[in-house]
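S.K.: Take a look at this one; I'll ask things after.
What follows draws every value from the coordinates through simple rules; no lab data is involved. All values reported here derive from a predicted model rather than from experimental measurement. Note that we place each Cβ from the backbone using ideal geometry, even for glycine, and neighbour counts take in every protein chain shown.
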Amino acid sequence: MDILPVPPLDKYPHLLDAFIGEKVIVFIGAGLPAIWGCKRWYELAAALIESCHERDMINYWTKSNLLKKFRQDPRKIMTIAKQILDSDYLSTLKSHLNVSEKKRDKNPHLFKNLYSMDAIFMSTNVDNIFSGLFDEDDIIFKTSDFGVEKLTAGKLFQLHGSLEDESSLVMTISDYVQRYRDPKMKELLKQIFVESDYKILFVGYGMDEMEIIDYVIEKYTDEVKRSIDKYYILMPVFSNEEELIKHESKYFQEMNMSVIPYAIDEKGYEQLGEVVSEWSQEIVKAREGKRDEFYKYIDLIEENT
């Protein structure tokens, strides 16, 4: 298997057909805003602890040992940081979710390209970078507004809340437990992962932010194992890691998820921007081709009637 910088979407015909028919749900992880310089999950948690130290709320020894001890559990770090920062928490959080203008200018159309895929979008990010492209009525971030009737192309579900409403944010352990016990959240996830005919594509997800996947495996293992060609994840790898990706894929095989690898040898994680760009163009062209075929079919009918 050749690992290419941009995997051809037509190698995954079930996914491409679903894009053409606007039957795809794209899950967006921290890897996409990271291309514009936003901090990923652990980096964000570490930055909050660093802020605690800079404000003399904790000493250097405490900072260093918190980051070392909970390196594999950023949500614990986030929980501790929120308790320490208290009323300064939200403003500090916002300050660490800024975009780098230099990095944004290297991939200026990143989120517009993603938006042009015309899918249903779901994100576990809380920033407002992507949401700025949507009409207010098309953004859903409160669980009280979650509903399967809103599963239509052009909608954005911010599953972990929005910076626009602090009460909606899912950042700490207690936030996480409360959100995933919410009946509206549980019903939405059950609908999209088990009961709907949508294809699911994960973009920009790292191994430290797999709460959604872990939840689905735990709750609906038997159901998802019966689903074929439904779940996909874009995976950044080096082109010589073919053997490693085979083993890593075993994790995702637990829910019949197809791993779509792309090579990051040249551009690193910014390569994802090129994948999104070329895929969006491929989807638009494929949709136009289907429309052309449709009108040719209509013309043929009219000629013979």
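S.K.: Determine the principal axes of the Cα atoms in the stretch 195-234, then give the extent along each, sorted from largest to smallest and rounded to whole angstroms.
M.R.: If we take the Cα atoms of the stretch 195-234, the spans are 26, 19, 13 Å.
S.K.: Which FRET efficiency value, to the nearest 0.05, do you get for Glu166 and Phe134 by plugging their Cβ-Cβ distance into 1/(1 + (r/R0)^6) with R0 = 30 Å?
M.R.: Computed FRET efficiency for Glu166 and Phe134: 0.90.
S.K.: Using only Cα atoms, locate the centre of the stretch 52-77 and the centre of the stretch 78-92, then give the distance between them in Å, rounded to an integer.
M.R.: 12
S.K.: Further question on the same structure: Give me Rg over Rh for the stretch 41-95, both radii from the alpha carbons and Rh done the Kirkwood way, two decimal places.
M.R.: 0.92
S.K.: To check you understand DSSP bridge types, tell me what percent of the beta bridges within the chain (both residues inside) are antiparallel, rounded to 5.
M.R.: 5
S.K.: So who's got an amide H within less than 5 Å of the one on Tyr231, skipping anything under 5 residues away but keeping other chains? H placed 1.01 Å off N, in plane.
M.R.: For Tyr231, the qualifying residues are Ile200, Ser258.
S.K.: Sticking with this one: Give the aspartates and glutamates reachable from Lys106 as a straight Cα distance under 17 Å; neighbours fewer than 8 places away on the same chain don't count.
M.R.: Glu266, Glu270, Glu274, Glu278
S.K.: Now for a separate question. What dipole magnitude, in Debye to the nearest 20, does the stretch 54-183 give about its Cα centre under +1 on Lys/Arg Cβ and -1 on Asp/Glu Cβ?
M.R.: Here the size comes out at about 880 debye.
S.K.: Can you tell me what percent of all Cα-Cα pairs in the stretch 121-196 are more than 14 Å apart?
M.R.: That tail contains 58 percent of the Cα-Cα pairs.
S.K.: On to the next question. I'd like the distance separating the alpha-carbon centroids of the stretch 131-167 and the stretch 194-233, in whole Å.
M.R.: Each part reduced to its Cα centre gives a spacing of 20 Å.
S.K.: Can you return the lysines within cross-link range of Lys150? Criterion is Cα-Cα under 18 Å, with same-chain partners fewer than 8 residues away left out.
M.R.: Leaving aside lysines fewer than 8 places away in the same chain, those within reach of Lys150 are Lys23, Lys142, Lys184, Lys186, Lys190, Lys199.
S.K.: Tally Lys and Arg at +1 and Asp and Glu at -1 over the other residues with C-beta under 13 Å from the C-beta of Ser64: what net charge comes out?
M.R.: Around Ser64, the charge tally is +3.
S.K.: In addition: To make sure I understand the rule: partners must be lysines, Cα under 18 Å from the Cα of Lys94, and not fewer than 8 residues away in the same chain. Which ones qualify?
M.R.: Lys39, Lys82
S.K.: Turning to a different aspect of this structure: Could you check the simple spin-label distance between Asp118 and Asp145, using points 7 Å along Cα→Cβ, in nm with one decimal?
M.R.: 2.4
S.K.: Tell me what the chain gives for mean residue ellipticity at 222 nm when only DSSP H runs of n ≥ 4 count, each as -39,500 (n - 2.57), the sum divided by the residue total, rounded to 500 deg cm²/dmol.
M.R.: -14500 deg cm²/dmol
S.K.: For the chain, what is one quarter of the convex hull surface built on the Cα atoms, given in nm²?
M.R.: 18.6
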